[in-house]
Structures are given as structure tokens and as C-alpha cells.
1. List every residue pair whose Cβ atoms sit under 7 Å apart, with the two residues 6 or more apart in sequence or on different chains, where the first one lies in segment 122-134 and is surrounded by 17 or more Cβ atoms within 10 Å (Cβ to Cβ) and the second, anywhere, is of a type outside the set (V, I, T).
2. Counting only residues that are free of Cβ contacts under 8 Å to residues at least 60 places away in the same chain and either over 21 Å from S22 (Cα atoms) or part of a helix (DSSP H, G or I) (or both), how many does segment 83-111 have?
3. Is it true that some residue in segment 84-95 is in contact with a His (Cβ under 9 Å, 6 or more places away or on another chain), surrounded by 17 or more Cβ atoms within 10 Å (Cβ to Cβ) and under 19 Å from F186 (Cα atoms)?
4. What residue, of S133, S165, is farther than 13 Å from I90 by Cβ, at pLDDT 95 or above and of a type in the set (S, T, Y)?
5. Does segment 18-35 hold any residues that are surrounded by fewer than 17 Cβ atoms within 10 Å (Cβ to Cβ), assigned to a helix (DSSP H, G or I) and among the β-branched types (V, I, T), and which are they?
6. Kindly indicate the residue of segment 159-182 that is surrounded by fewer than 18 Cβ atoms within 10 Å (Cβ to Cβ) and among the aliphatic types (A, V, I, L, M) and also farthest from Y118 (Cα to Cα) among those meeting that condition.
Amino acid sequence: MEPKEDRRITRTRRLLTEALISLSLEKGYQAVTIRDITERAGVGYATFFRHYTAKEALLVDVLEKFLEEVVDLVVQQAAETDPAASGRIIFEHAQKHSELYLLLMASRGSSDLLDRVYEVATAGITRIAKPRSDAPVPFDVAVNHIIYSFLGLISWWLQNDMPYSPERMGQIYADLIMKPTHQLAFEPAVAPPAPQAPLKRAPGHASSSAEDPPE
């Protein structure tokens with residue numbers, strides 16, 4: 001059985017987490033104060049500092065594990081060759097965890113969490129895409145455009161109550177961001193060689209397989 005003290009700590013942190021998320025979505029992360037958080041959570045002001053040193057420490061605690069999921073998802077999808085399918089998967093994840101995505105976006109500039117998403121996404125795109133030698137758009141500019149445009153698209157979608165399905169948004173991501181940027185800045189993807197059709201035997205030519213009956 002979980003000790004009573006541990007249950008109290010878990011409950012207090014859950015209340016602080018819920019308060020931070022709801023307040024950030026209402027008024028923006030930057031405008032939220034520790035006093036706001038403790039009043040919304042119904043805990044003492046001094047109690048906050050027995051758990052966290054600052055508002056940013058609470059933010060990191062809330063988003064750390066979630067961010068690991070996002071980073072893993074970005075790395076996995078960066079290797080996919082179908083941008084519409086990749087986009088759909090990420091939009092489905094955003095739909096499932098909409099409050100945490102919005103909190104991550106709202107905290108931009110307040111921590112390095114979003115920077116980590118950018119770094120991982122940059123590494124993933126750089127690994128699978130090669131710059132065109134005659135590209136009118138520099139490679140690093142194109143990569144930056146893809147990442148920030150995609151984050152902006154997710155943010156817009158969530159803030160507008162997800163008016164289109166994840167599948168539709170994945171296709172929009174592919175058509176609006178990935179395909180035109182790919183054409184402008186990246187080398188065309190090399191399609192895998194098509195499997196060769198088996199050679200047709202001439203009429204009357206006997207099979208030489210091991211299953212043929214002996215003569």
C-alpha cells in the first residue's frame with residue numbers, strides 16, 4: 001500500500017499540474033503566477049515551494065515525460081516516406097494530448113523544451129533529406145520552415161477546436177508544407193527498385209524446380 005505521505009505528495013502535485021494547465025490555456029503561460037496556481041489548486045503558497053523551486057520547474061515536471069513521447073514520435077515519423085501518413089499520426093497524437101500540446105506551445109520562450117523538439121526534428125529531417133545542388137532555397141532555411149510551419153499548423157488546429165480530422169490535416173501538411181518545400185530544396189527521393197517479374201517460360205518448356213517429377 002502506498003504510504004499516506006506519498007499519496008498526499010502525489011495529490012498535491014496533481015492539483016498543481018491541473019491548475020497550471022487550465023490557467024495556461026485560459027490566460028497564457030507567461031501571465032500565470034505561482035499565486036494563481038496555488039489558489040486554483042487549493043493549496044498553500046508555501047506548499048508550492050516544498051515541491052518546486054519555480055513555475056518553470058513545475059512546467060518541466062508536467063511536460064518532461066510527454067516530451068519524450070513527442071520526440072520519439074518525431075524521430076519515427078522522420079524516417080517515413082509518406083508525409084501525409086506521418087502527419088496524420090502526429091495529428092492523432094496531438095488530438096489525444098491536446099492540452100499538453102497547447103501548454104508546450106504556450107510555454108515557448110520560457111524553457112528549452114520546445115527547442116529540444118526542434119533539435120530532434122532537425123536531426124531527423126537532415127538524416128533522410130539531401131540538399132539540391134541547384135536549390136533556390138537553402139537547405140537549413142527549408143528545414144526550419146518545415147518544423148516551425150508544422151508546429152504552427154498543429155497549434156492553429158488545436159486552438160480552433162480541431163475543425164478537420166487528423167487524416168485531413170496530415171494531407172494538408174503534406175500538400176502545403178512538405179511537398180512544395182521538398183521540391184524547392186531537397187533532392188528527389190529515390191524510389192526502391194521495382195521487383196522483377198519472373199521470366200516466362202516458353203510453351204512446352206519443363207520446370208526445373210525440385211518438385212518436378214523425375215524423368
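1. Pairs found: G124/A78; I125/A78; A129/F186; R132/A185; R132/F186; R132/E187.
2. Result for segment 83-111: 5.
3. No, that holds for no residue.
4. Result of the check over S133, S165: S165.
5. Scanning segment 18-35 gives a single hit, I34.
6. So the residue we want is M162.
The values are calculated or read from the model by the stated rules, or taken from the named source; none is laboratory data. Please read all numbers here as calculations on a predicted model, not as lab measurements. Backbone-built Cβ (ideal geometry, glycine too); neighbour counts: all protein chains shown.
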